[in-house]
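Beneath this line is the structure, given in structure tokens, with notes to follow.
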Amino acid sequence: MKILRKLLVFVIVISLFSCKDITSSDSIAIAEITSILDNIEDEFNFSFNIDSIMDNYNDDFLHNSYNKIDENFSWIERYQLYDEIVFSNIEIDVEDNYAVASFILSFKNNSQLLQQYSEPSEEFGFLSYFVKDNGEWLIFGNQFN
């Protein structure tokens, strides 16, 4: 009986070590980046708080020659054209202090789909690239790509 218990404990310990660590830094990063995208979606769809959206951007944001100020104006333009954005099929690849989020980005007006993009794309991708800066994940643009 004691041998069977030891064998059972051994199997459980081996199983635990073979499982991926749920609290790994990549898992935490994925959760934090997903939270950023959720925050942007909520802020755009419910209150359009431009400051809250832009708080998710690194001050050194640069994407296809557009900086953070340009991106601020782009959000205002988007808000004039659409009343809803939706992120779906989100997948995030983390490598050290950099991450790339892939997703479907949909722009809607009166619940009717007007534009849809698979990100990151050559044309857009402005929300796909992240950097961890001073312990915080922020949108960084494709400057490290």
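The values are calculated or read from the model by the stated rules, or taken from the named source; none is laboratory data. Here the structure is a predicted model, which means the values were calculated and not measured. Backbone-built Cβ (ideal geometry, glycine too); neighbour counts: all protein chains shown.
Some observations on this one:
- Enumeration of residues in the range 79-98 that are more than 16 Å from Thr34 (Cα to Cα) and either of a type in the set (A, V, I, L, M) or more than 19 Å from the chain's Cα centre (by Cα) (or both): Tyr79, Gln80, Leu81, Tyr82, Asp83
- Flag if Ile69 is part of a helix (DSSP H, G or I) and exposed (fewer than 14 other Cβ atoms within 10 Å of the Cβ): yes
- Members of the range 99-134 found to be touching a residue at least 60 places away in the same chain (Cβ under 8 Å), assigned to a strand (DSSP E or B) and under 20 Å from Asp42 (Cα atoms), listed by number: Ala101, Phe103, Tyr129, Phe130
- The range 99-127, subset at pLDDT 90 or above and under 11 Å from the mean Cα position of the chain (by Cα), residue surrounded by the most Cβ atoms within 10 Å (Cβ to Cβ): Ala101
- Residue among Ser88, Ser128 that is over 17 Å from Asp60 (Cβ atoms) and in contact with a strand residue (DSSP E or B) (Cβ under 7 Å, 6 or more places away or on another chain): Ser88
- Trp75 meets all of the listed conditions (1) in contact with a strand residue (DSSP E or B) (Cβ under 7 Å, 6 or more places away or on another chain); (2) closer than 29 Å to Ile28 by Cβ but one, namely (1).
- Of the listed requirements (1) touching a helix residue (DSSP H, G or I) at 6+ places or on another chain (Cβ under 6 Å); (2) farther than 23 Å from Ser47 by Cα; (3) not β-branched (Val, Ile, Thr), Asn72 misses just one: (2).
- Test: Glu43 is assigned to a helix (DSSP H, G or I) and farther than 24 Å from Gln143 by Cα: yes
- Some residue of the range 51-60 being in contact with a Leu (Cβ under 7 Å, 6 or more places away or on another chain), under 15 Å from Ser35 (Cα atoms) and assigned to a loop (DSSP other than H, G, I, E, B): yes
- Scan the range 51-66 for residues that are touching a residue at least 24 places away in the same chain (Cβ under 8 Å) and buried (at least 17 other Cβ atoms within 10 Å of the Cβ) and the total you get is 6.
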